[in-house]
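Undergrad: Please find one structure pasted underneath; my questions will follow.
Laboratory data are not the source of any read-out in this text; all were calculated from the coordinates shown. For clarity, every value in this text was computed on a predicted model and none was experimentally measured. So basically every Cβ, Gly included, is an ideal-geometry build from the backbone, and we count neighbours across all protein chains shown.
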Amino acid sequence: MEGSIFQYEFIIKGLIGALFASITAGLAGTYIVSKKMVFLSGGITHASFGGIGIGYFIGINPVVGAAIFSILSALGIEYLSVRQKIREDSAIGILWALGMATGIIFIYLTPGYTPNLISYLFGSILTVTYGDIIALGIMSVVLMLYFTVFYRTILYISFDEQFARTYSPYVNAFKYITTSLIALTIVLNIRMAGVVLVISLLTIPPNIAMIFTKVYSRVVVWSIAAAFTGTSAGYAISYFAGIPVGATIIFTLVIIWIIAKIADAVISMVKRTENKILN
Amino acid sequence: MQATLLEILSVSVSYGNNIALQDADLKVYENDFIGVIGPNGGGKTTLLKVILGLVKPFKGRLIFNPGILGRSRIGYLPQISTGDNNFPVTVMDVILSGLMMHKGVVSIMSSHDRKRAGRVIGELGLTELTESSLSELSGGQLQRVFLGRAVIGDPKLLLLDEPGNFVDTNFENDFYEKLRLLNKRMAILMVSHDIGTISAHIKSFACVNRHLHYHPSSEISNEDLLAYGCPIQLITHGEVPHTVLKKH
């Protein structure tokens with residue numbers, strides 16, 4: 001069949017990309033969902049769009065621009081909320097809009113070339129390069145090492161920051177490092193799911209996992225599994241149906257979440273009925 | 001003669017222009033059981049935070065008995081609101097986190113640490129809940145878990161912030177009995193606005209209303225409280241616990 005080698009390569013690239021995206025999203029997502037930082041992460045994501053625009057304008061790799069923007073905005077929000085100079089949710093709201101506005105203005109000002117905005121907003125497997133996949137692979141390794149080596153310290157700080165602060169001098173250092181790693185994870189996944197959809201790639205899998213387990217390390221593992229199922233199924237569906245991949249992935253994940261919720265409700269209903277009969 | 005664990009010397013703390021604590025003096029001895037009472041906003045929690053090093057006084061100092069007490073030998077039971085009970089952690093995780101101060105940056109827990117945590121969990125009657133997540137626990141069970149976290153590191157001074165806020169009345173007597181046993185091994189400083197309940201268990205009072213007045217006995221009268229500028233609504237003392245209401 002004509003183009004079969006191209007197709008084979010395309011599928012392998014998609015699957016490897018999906019695997020790395022799932023590992024990073026599962027690790028970072030469990031952290032942000034547990035710590036109720038979903039809105040903060042949404043703010044970081046959208047602020048990074050400013051970096052994409054400026055990247056185009058000054059002629060550097062837009063992902064590098066987005067990375068710088070997202071880390072700076074993440075640290076800025078953490079810093080402001082620690083100092084309590086401004087309400088955190090307001091700070092996020094302002095940064096969110098400012099990032100998008102900056103991005104649009106600079107892309108508009110960039111002479112000649114108009115980048116494919118849609119691919120940044122909603123993600124596209126067609127524009128994912130080997131460079132992107134290698135970057136995600138490195139990020140997967142870094143996150144796995146970081147969360148394994150410092151598992152307990154990160155867990156204790158996330159669970160009860162005030163208590164941890166009493167006994168550990170490292171609380172702020174860990175908060176800043178973890179938030180920066182999450183900002184980077186978000187940026188690298190923007191190529192997969194897009195600015196608008198990436199936050200659900202981080203948020204939905206841990207919520208699926210937490211239906212079945214409330215143990216942090218297991219939530220991470222199940223999140224990665226759920227994310228990989230959702231992303232690879234999403235790729236397949238988008239490929240065969242010819243619909244945008246980012247949106248398809250998110251749809252697939254939401255459907256898995258709904259099925260899991262229903263399954264959980266049915267299981268607990270059956271258990272209750274059994275108990276009633278036994279009693 | 002009992003050794004002094006901690007000496008607080010004319011400590012003053014302010015938040016902005018607000019003075020929360022002024023020239024507070026307090027000596028804590030081994031095996032002390034001090035009830036810290038006073039009105040809301042009077043500086044009770046600030047006193048604990050100073051001892052924990054979370055708040056820096058602008059005046060005065062703290063002297064720890066270097067042979068016995070350091071910050072890592074202070075156990076702390078915060079008010080329940082500081083941790084998120086929907087966070088995906090197990091009872092074992094939370095109890096182990098009480099060993100954090102003895103670990104470095106990596107906090108790896110050995111099987112010895114797990115055994116130790118298992119013993120603490122057993123003493124608190126929570127063995128069946130070891131691998132349960134916090135969201136499955138009742139108020140009283142949560143209180144026991146946080147008490148376990150506070151004592152697993154074998155502290156010499158235990159700080160309790162409003163333990164009466166936990167609603168489980170079934171466990172209340174058990175809880176104070178537990179504290180009585182712990183008091184054989186460590187000094188206890190307990191913040192409470194509910195002196196009616198605590199006066200049966202403590203050995204002395206500290207009245208905190210910006211100033212600190214130490215009262216070296218567990219019996220304290222309304223007149224004493226008024227003299228200390230410590231308006232409290234009810235107090236129990238004597239053989240049969242009873243309640244005296246403040247004059248209207």
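Undergrad: For every other residue with a beta carbon closer than 14 angstrom to the beta carbon of residue B:121, add +1 if it is Lys or Arg and -1 if Asp or Glu, then tell me the sum.
TA: Once positives and negatives cancel, what remains is +2.
Undergrad: If you average the C-alpha positions of region B:47-110 and of region B:27-41 separately, how far apart do those two centres end up, in angstrom?
TA: 18
Undergrad: A further question on this structure: Which value, in Å³ per residue, describes the convex hull spanned by the Cα atoms of region A:4-278?
TA: 157
Undergrad: At 0.36 nm per residue, minus the direct Cα-Cα distance, what do residue B:2 and residue B:203 gain on full extension? Give it in nm, one decimal, please.
TA: 70.9 nm
Undergrad: Gap in Å between the Cα centre of region B:113-146 and the Cα centre of region A:58-106?
TA: For region A:58-106 versus region B:113-146, the Cα centre distance is 41 Å.
Undergrad: For region A:4-278, what does the relative contact order come out to in percent, with C-alpha contacts under 8 Å and a separation of six or more?
TA: In percent, rounded to a whole number, it is 27.
Undergrad: Going by a ≥ b ≥ c, the root eigenvalues of the Cα gyration tensor, does region A:1-60 fall in the rounded group (a/c under 1.5), the prolate group (a/b larger than b/c) or the oblate group?
TA: Cα axes put region A:1-60 in the oblate bin.
Undergrad: To the nearest 0.05, how large is the calculated FRET efficiency for residue A:237 and residue B:79 if R₀ is 51 Å and r is the Cβ-Cβ distance?
TA: About 0.55, to the nearest 0.05.
Undergrad: Per-residue ellipticity at 222 nm for chain A, helices alone: DSSP H runs ≥ 4 residues times -39500 (n - 2.57), over residue total, nearest 500 deg cm²/dmol?
TA: Here the helix-only value at 222 nm equals -30000 deg cm²/dmol.
Undergrad: Among A:205, A:169, A:62, whose mean-square fluctuation peaks in a Gaussian network model of chain A (Cα, cutoff 10 Å)?
TA: Comparing A:205, A:169, A:62 in the GNM, the peak value goes to A:169.
Undergrad: Now for a separate question. Looking at the calculated P(r) for the protein assembly as shown, what percent of the C-alpha pair distances fall above 36 Å?
TA: Distances greater than 36 Å cover 45 percent of the Cα pairs.
Undergrad: Among the chymotrypsin sites (Phe, Trp or Tyr not before Pro) in region B:1-108, which ones are in a DSSP loop with at most 15 other Cβ atoms within 10 Å of the Cβ? Mind listing them?
TA: Hits after loop and neighbour filter: B:58.
Undergrad: Okay, next question. Once you place label points 7 Å from the Cα toward the Cβ at residue A:211 and residue A:142, how far apart are they in nm?
TA: Here the answer is 3.3 nm between the modelled labels.
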